[in-house]
1. Among residues other than Leu114 whose Cβ falls under 14 Å from its Cβ, what is the net charge (Lys/Arg +1, Asp/Glu -1)?
2. Add +1 for every Lys or Arg and -1 for every Asp or Glu among the other residues with Cβ under 11 Å from the Cβ of Ala27, and state the total.
3. What full-extension length gain, to one decimal in nm, is calculated for Ile12 and Ala27 as 0.36 nm per residue of separation minus the Cα-Cα distance?
4. What is the gain in length, in nm to one decimal, between Asp115 and Met55 on full extension, counting 0.36 nm per residue of separation less the C-alpha to C-alpha distance?
5. Given a Förster radius of 22 Å and the C-beta distance between Asp140 and Val105 as r, what FRET efficiency does 1/(1 + (r/R0)^6) yield to the nearest 0.05?
6. Looking at this model, which pairs from Lys66/Lys136; Lys75/Lys108; Lys108/Lys136 are more than 26 angstrom apart at the alpha-carbon?
Amino acid sequence: MQENLLPRQKLIDVRRRRIETLTLEDAVVETMTRLTRISPVLSDLPHATGNNDKMSDGISRLIEQKEKLNRMVYKCVEEEGHIINNIRAMPNPTFRTILYKLYIVGDKLERVALDINYNYHYTCRLHGHALNEYDKIATDVNE
């Protein structure tokens, strides 16, 4: 499925995956926080094993989330590596900066415009030109 995407679609896809990965990282942290809050009440009275069940279910969920996160991170790193190589092959340093900051770093276009000292609307136009050049470079590299 990924192979049928146009080069610029892969840029958008890697940015989306980065957001999904960050969301899953947050979920892992939240699960870990909840698990640390589950603690047995110390008492001499017999008690049900409700906390043990909650703890084991939570640990199972945490393990599944961490495994999924590891797979997602590995895939993102692999895809980002290909994209970074294509961006580095671009001759225009401004285009390289725009695409790297937008799709690899995850900055917003407004922030990129400030970083490269151009106004927002001109940066939007440059972004379009950068995408066209990226398509050419990525197509040439992959052929």
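All of the numbers you see were taken from the coordinates with simple rules; none came from a lab. This structure is a prediction, so every number in the text was calculated from the model and none was measured. We place every Cβ from the backbone using ideal geometry, glycine too, and count neighbours over all the protein chains shown.
1. Counting the neighbours of Leu114, the net charge comes to 0.
2. In short, -1.
3. Full-extension gain reported as 3.1 nm.
4. 16.9 nm
5. 0.35
6. With Cα atoms farther than 26 Å apart: Lys66/Lys136.
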